[in-house]
1. Out of (1) under 17 Å from Leu282 (Cα atoms); (2) of a type in the set (S, T, N, Q); (3) over 20 Å from the mean Cα position of the chain (by Cα), the odd one out for Ser11 is which?
2. Determine whether Phe193 is within 21 Å of Gly269 (Cβ to Cβ) and within 20 Å of the chain's Cα centre (by Cα).
3. Here are Phe314, Phe321, Phe267: which of them is open to solvent by 40 Å² or more (accessible area, probe 1.4 Å) and over 20 Å from the mean Cα position of the chain (by Cα)?
4. Just to be sure I understand the filter: pairs with C-beta atoms under 8 Å, separated by 6 or more residues or on different chains, first member in segment 299-322 and within 10 Å of Val23 (Cα to Cα), second member not in a helix (DSSP H, G or I). Which pairs pass?
5. Quick one: in segment 233-264, which of the residues that are more than 12 Å from the chain's Cα centre (by Cα) and small (Gly, Ala, Ser) is farthest from Arg159 (Cα to Cα)?
6. For segment 128-143, does any single residue satisfy the condition of being touching a helix residue (DSSP H, G or I) at 6+ places or on another chain (Cβ under 6 Å), of a type outside the set (Asp, Glu), open to solvent by less than 80 Å² (accessible area, probe 1.4 Å) and not in a helix (DSSP H, G or I)?
7. Specify which of the listed residues (Arg81, Arg119) is of a type in the set (D, E, K, R) and farther than 30 Å from Leu278 by Cα.
8. Do we have any residue at all in segment 149-163 that's of a type in the set (Asp, Glu), more than 13 Å from Leu228 (Cβ to Cβ) and not in a helix (DSSP H, G or I)?
Amino acid sequence: MLELEARAEPSRLMAWASPLLAVALMLVGGLAVFAALGKDPVEGFRVFFLNPVKDLYALSELLLKATPLMLCAIGLAIGFRANVWNIGAEGQFMLGAVAATGAAGGAAWAAIPALLRTRFNANEILVSLMLVYVAQLFVSWLVFGPWKDPDGFNFPQTRMFAEAATLPMVIEGTRLHFGFAIALAALVAGYAFMNRSHAGFRMRVAGEAADAARYAGFSATRMIWVGLLLGGAAAGLAGMGEVAGPMGQLTDKVGSGYGFAAIIVAFVGRLNAFGILLASLLMALLYIGGEQAQQYLNLPNSISMVFQGMLLFFLLGADVFIHYRLRLRRRGT
């Protein structure tokens, strides 16, 4: 019979192979989902995975969708490496959009769970998550109330931003804006911080060996603040890019789930800057593929969430083999 046997040490090969295995299983599972829904699996695959990359404009839309995911995920990865679990990037994204000043809004919102964790030992997972709903209500109050466009036919939205307040385009004839370059720069900065700085080294030690970090005198309070504020700043910057880029205004729909999807991106990317770049593109493909499936296959847009769920499910399953291996044992031995 088959049983799991603990490895003497974690498998470095499986640590990088498990995301690839998860993606492969998601693709196979996707074909099964299309068949179960009465759609041609080959046509479903073409519409979902090939249509979003069929030409330059489609590729620019993929990069546009990946931009906020990159920013949110690289910020989250810094904290996750130190076991600082910021689950509220969605709210920080929205407050960054509200502030429209980039890092200030998101970082300020992330400072709340940081303060409550360091002063009162409140759980940052619950606090950051609950603050997402506060942020949603705050945005709704603004666009239904004091910031509502008086000429907007009663829609919950602000006035359109002036041209000077929007980000320039990087490819003429597309919607891809300068926020993509900012996201790439953030990935480079995140890599340098996590792998080439003393502060990043301290956070890695805290995440991998908390006792060793305490013995070395590393400040747990400082790492909590750094992890949450950097994550909030990056999410806030992503929110700013969203309203100053393709949307051009603040609406009650500014929270598009990027902050939650970025958690999956961070782990699929192995909390590594290059891995996050690839995982962001994959997640963007799932978002746009869902829109394509809705348009051409008459499927609900939530099909993209099914694929996201499968990706996370298979990743968690594949990650088991980092610490365990399958062994075939005879009964009675």
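The values are calculated or read from the model by the stated rules, or taken from the named source; none is laboratory data. Since we're looking at a predicted model, the values are computed, not measured. Note that each Cβ is placed from the backbone with ideal geometry, even for glycine, and that neighbours are counted across all protein chains shown. These accessible areas exclude ligands, DNA and RNA; they are computed on the full protein's heavy atoms, side chains included. Shrake-Rupley method; radii C 1.70, N 1.55, O 1.52, S 1.80 Å.
1. (1)
2. In short, yes.
3. Phe321
4. none
5. Taking the candidates together, the pick is Ala233.
6. No; the residues of segment 128-143 include none that is touching a helix residue (DSSP H, G or I) at 6+ places or on another chain (Cβ under 6 Å), of a type outside the set (Asp, Glu), open to solvent by less than 80 Å² (accessible area, probe 1.4 Å) and not in a helix (DSSP H, G or I).
7. On the way: Arg81 fails: farther than 30 Å from Leu278 by Cα.
Arg119 is the lone residue from the list that is of a type in the set (D, E, K, R) and farther than 30 Å from Leu278 by Cα.
8. For segment 149-163, residues of a type in the set (Asp, Glu), more than 13 Å from Leu228 (Cβ to Cβ) and not in a helix (DSSP H, G or I): present.
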